[in-house]
1. Restricting to the stretch 255-265, name every residue that is in a helix (DSSP H, G or I) and open to solvent by 70 Å² or more (accessible area, probe 1.4 Å).
2. What tally of residues in the stretch 175-194 results from selecting those that are modelled with pLDDT under 90 and surrounded by fewer than 18 Cβ atoms within 10 Å (Cβ to Cβ)?
3. Residues of the stretch 9-40 being under 21 Å from W112 (Cβ atoms) and free of Cβ contacts under 8 Å to residues at least 24 places away in the same chain, which ones?
4. With the structure loaded, tell me whether I12 is touching a helix residue (DSSP H, G or I) at 6+ places or on another chain (Cβ under 6 Å), β-branched (V, I, T) and farther than 23 Å from S178 by Cβ or whether it fails that test.
5. Can we say A217 is within 25 Å of A6 (Cβ to Cβ), at pLDDT 90 or above and open to solvent by 50 Å² or more (accessible area, probe 1.4 Å)?
6. With the structure loaded, tell me whether S240 is open to solvent by 30 Å² or more (accessible area, probe 1.4 Å), in a loop (DSSP other than H, G, I, E, B) and polar (S, T, N, Q) or whether it fails that test.
7. Can you report the number of residues in the stretch 43-58 which are at pLDDT 85 or above and farther than 12 Å from F192 by Cβ?
Amino acid sequence: MTDLFAALLLGILEGLTEFLPVSSTGHLLIAQHWLGERSDFFNIVIQAGAILATTLVFRRRIWELTTGCWRDAEARDYSMKLAAAFLVTAAVGLPVRLAGWELPETVTPIAWALIIGGVWMLVAEHFAEKRGDVATITWKVAILVGLAQVVAGVFPGTSRSAAAIFMAMLAGTSRRSSAAEFVFLVGIPTMFAASGYAFLELVKDDALGSENWGEVALAFAAATATGFVVVKWLLGFIKSHRFTGFAIYRIVLGALLLLLMPVGS
């Protein structure tokens, strides 16, 4: 397999898994075990491609919130809650990052995060459905979503989208589509900021290395295109389907990682 084709596959995989509640980190770990390990810069770039895809999907909603928050109370309230969730993530997550509180991106912790996260999804959806169909985003939901994003950053394999969506559902926003929209929207500034910070760290450490820009560009484009399709599909899927399939998939994948992948890889 050529390096160019491997880069294409990794970009597609990032686009497929970044916003599904299945952990992109876990899938990229497995893929790079077979396709070859990539630089931190490469991983940052393909993640940025996935974020760009979400921005494109929600471009009208972002425009509505940006232009409407000055004259519409509902848009202003929603925008303030998005800002609050982002600020909570930044205020708590940055000190955690600086302190180095993060588990290694190796098989064992990621596998357990996949399994525990899958169980968490089943439990959270069960209790959320008992509340009925609630679409409102409260301040409690916004703050807890911000904290959930920090937890996902500390425990690779947790999945940012899964942690935040199901925290929102447990905290009161039981409608899956409403919880997912809020999480995806707050994920745009959160993930752009995280990617930007990681990039600056690489620049500071002079760790950018020698990149094949053709491979990087191809992987970025693949992640963007695939991510766009996946987010559009997921938003339609969850309007009438539960997350049960994703939860079971996580549990099975985590168990297979523990059984088949070498410890420490």
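1. Correct list: L256, L259, L260.
2. The qualifying residues number 2.
3. T17, H27, L28, A31, Q32
4. Spelling it out, I12 is indeed touching a helix residue (DSSP H, G or I) at 6+ places or on another chain (Cβ under 6 Å), β-branched (V, I, T) and farther than 23 Å from S178 by Cβ.
5. Here the answer is yes, as A217 does meet what is asked.
6. Working: open to solvent by 30 Å² or more (accessible area, probe 1.4 Å): yes; in a loop (DSSP other than H, G, I, E, B): yes; polar (S, T, N, Q): yes.
Yes: the conditions hold for S240.
7. Taking the stretch 43-58 and keeping what is at pLDDT 85 or above, we get 45-58.
Subsequent filtering for residues that are farther than 12 Å from F192 by Cβ retains 45-46, 53, 56-58.
Here the count works out to 6.
One line per residue, one yes/no per condition, for (1) of a type in the set (F, W, Y); (2) touching a Ser or Thr at 6+ places or on another chain (Cβ under 8 Å):
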position: F19; (1), (2): yes, yes
position: I30; (1), (2): no, no
position: F41; (1), (2): yes, no
position: Y78; (1), (2): yes, no
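The values are calculated or read from the model by the stated rules, or taken from the named source; none is laboratory data. Just so we're clear, the structure is a prediction, and the values are computed from it rather than from any experiment. Neighbour counts are summed over all protein chains in view; Cβ atoms, including those assigned to glycine, are modelled from backbone coordinates with ideal geometry. For the accessible areas, the whole protein counts, side chains as well, though only heavy atoms, and no ligand, DNA or RNA atoms are used. Shrake-Rupley method; radii C 1.70, N 1.55, O 1.52, S 1.80 Å.
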